[in-house]
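Undergrad: Can you keep this structure in mind? I'll have questions shortly.
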Amino acid sequence: MQPLAIAFLSALAVGGVLWVFVYPVLSGEKKAEKRVASVAKAEPAARAARVPQQKSRRDSLENTLKELEERHKKQNKIPLSVRISRAGLSWSKHQFLMISAGFGAVIFLAAFLGQAGLPAAAALGFAGAFGLPRWLLSFLRKRRENKFLEYFPDSVDVIVRGIKSGLPLLDCMKMIAAESQEPIRTQFREIIETQAIGIPLGEACGKLYEGIQLPEANFFGIVISIQQKAGGNLSEALGNLSRVLRDRKKMKAKIKAMSQEAKSSAAIIGALPLAVMLLVYLTSPNYITPLWTDPLGRLMLAGSALWMSAGILVMKKMINFDF
């Protein structure tokens, strides 16, 4: 029975790997997603081409916007060090790899000492070393981006009020870097430090998109870059940007509220098998105990967990709305 279980789990693992990595390439989904992402995301304003000074202000704005729309950000693999930095961690790449290896070793030993079997312990250790730390990076990055979106419109309003009162743009940014919440404080401090070494303020603001991969950060860099090249009323432009940011925030909250019913249904469906198993164990333990004591029961339990996980991932994909 054990060789049969190992063969069954190996076949499922190979099929899952082929489905995740090979099917998107063969079906063209990966290429289509890259194309849509390259069209949807504008290039950071720091790379915008310089507009000839002899042209009029209107022509300069039109040319700059046209170049920002035509040139797309290259879809390169993000280095691990950049992912760690975007998650708000100060770890080095070596430290992250050591921590990942430690996670994997601890989970492997816990599963092996718990008599889960060598194949299952190895699979859990692999997931703990390569899956859990990267999921943690993604979770921390998403939480950091949500905090940025929460406080960023207020920071833009501070800049608008400071400019209207006569303060220079750089002094307003220094005020935000000293008094704002994280991660706004760190990002604006990096802008000030970048500008202090001789980089123009427009390009320094464009680097905000490199630290926070959000369209809102790119909007801010574009506004500052265009104003530095073409001139104009900066307070009015930033005021319009603040209204756009708040409208996007409201729209995101509305989408979240409208999709909450589907998310609740998915959570209930995903938790139902565990709840039923717990209730059966509390009422009739002898009836359900063979599910994890008998080899065939363990095989059935592993298959059920695999297919339930696949169903949860499919439901998550269906109700995950990008905005």
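Undergrad: Kindly evaluate ALA121 against the criterion of being surrounded by 15 or more Cβ atoms within 10 Å (Cβ to Cβ) and assigned to a helix (DSSP H, G or I). Even if it seems obvious, please write down each step before you answer.
TA: Working: surrounded by 15 or more Cβ atoms within 10 Å (Cβ to Cβ): yes; assigned to a helix (DSSP H, G or I): yes.
Here the answer is yes, as ALA121 does meet what is asked.
Undergrad: Among what's in the stretch 239-263 and is in contact (Cβ under 8 Å) with a residue 60 or more places away in the chain and farther than 18 Å from GLU150 by Cβ, pick the residue that is farthest from the chain's Cα centre (by Cα).
TA: Here the residue is GLY239.
Undergrad: Which of the following residues is surrounded by 13 or more Cβ atoms within 10 Å (Cβ to Cβ), free of Cβ contacts under 8 Å to residues at least 40 places away in the same chain and more than 25 Å from the chain's Cα centre (by Cα): ALA127, ALA110? Steps first, answer last, please.
TA: Values: ALA127 fails: more than 25 Å from the chain's Cα centre (by Cα).
Answer to the selection: ALA110.
Undergrad: So, one more: Of the residues that make up the stretch 254-262, is at least one surrounded by 11 or more Cβ atoms within 10 Å (Cβ to Cβ), among the small types (Gly, Ala, Ser) and under 30 Å from LEU301 (Cα atoms)? Reasoning before the result, please.
TA: First pass over the stretch 254-262, keeping only residues surrounded by 11 or more Cβ atoms within 10 Å (Cβ to Cβ): 254-256, 259-260, 262.
Going one step further and asking which of them are among the small types (Gly, Ala, Ser), we end up with 259, 262.
In the following step, the residues that additionally are under 30 Å from LEU301 (Cα atoms) were identified as 262.
Yes, some residue in the stretch 254-262 is surrounded by 11 or more Cβ atoms within 10 Å (Cβ to Cβ), among the small types (Gly, Ala, Ser) and under 30 Å from LEU301 (Cα atoms).
Undergrad: Which one is surrounded by the most Cβ atoms within 10 Å (Cβ to Cβ), of the residues in the stretch 146-167 that are without any contact (Cβ under 8 Å) to a residue 40 or more places away in the chain and over 28 Å from the mean Cα position of the chain (by Cα)?
TA: For the stretch 146-167, the residue satisfying everything is GLY162.
Undergrad: On to the next question. Please determine whether any residue of the stretch 212-234 is among the polar types (S, T, N, Q) and not in a helix (DSSP H, G or I). Spell out the reasoning first.
TA: Step one: of the stretch 212-234, the residues among the polar types (S, T, N, Q) are 213, 218, 225, 227-228, 233.
In the following step, the residues that additionally are not in a helix (DSSP H, G or I) were identified as 213, 233.
There is at least one residue in the stretch 212-234 that is among the polar types (S, T, N, Q) and not in a helix (DSSP H, G or I).
Undergrad: While we're here: Give me the pairs, please: first residue somewhere in the stretch 280-292 and assigned by TED's automatic domain parsing to the domain that holds ALA305, second residue anywhere and among the β-branched types (Val, Ile, Thr) and assigned to a loop (DSSP other than H, G, I, E, B), beta-carbon distance under 8 Å, and either six or more positions apart or on two chains.
TA: Between residues of the stretch 280-292 that are assigned by TED's automatic domain parsing to the domain that holds ALA305 and residues that are among the β-branched types (Val, Ile, Thr) and assigned to a loop (DSSP other than H, G, I, E, B), the close pairs are TYR281/THR289.
Undergrad: Restricting attention to helices (runs of 4 or more DSSP H) lying wholly within the stretch 274-323, give those where 2 or more residues are among the small types (Gly, Ala, Ser). If you could, list the steps in order and put the result at the bottom.
TA: On the way: elements: 285-288, 290-293, 295-319.
Answer list for the stretch 274-323: 295-319.
Undergrad: Which ones in the stretch 224-254 are of a type in the set (Ser, Thr, Tyr) and either modelled with pLDDT under 85 or out of contact with any helix residue (DSSP H, G or I) (no Cβ under 8 Å at 6 or more places or on another chain) (or both)?
TA: Here is the first cut: in the stretch 224-254, the ones of a type in the set (Ser, Thr, Tyr) are 225, 235, 242.
Answer for the stretch 224-254, where residues must be of a type in the set (Ser, Thr, Tyr) and either modelled with pLDDT under 85 or out of contact with any helix residue (DSSP H, G or I) (no Cβ under 8 Å at 6 or more places or on another chain) (or both): SER225, SER235.
Undergrad: Quick one: how many residues across the stretch 168-198 are farther than 26 Å from LEU89 by Cα and crowded, with 16+ Cβ neighbours inside 10 Å? Outline the logic, then answer.
TA: First, pick out the residues of the stretch 168-198 that are farther than 26 Å from LEU89 by Cα: 168-172, 198.
After this cut, where a residue has to be crowded, with 16+ Cβ neighbours inside 10 Å as well, the list is 169, 172.
Residues in the stretch 168-198 being farther than 26 Å from LEU89 by Cα and crowded, with 16+ Cβ neighbours inside 10 Å: 2 in total.
The values are calculated or read from the model by the stated rules, or taken from the named source; none is laboratory data. Please read these numbers as outputs of a predicted model, since none were measured by experiment. Virtual Cβ from ideal backbone geometry, glycine too; neighbours counted across all protein chains shown.
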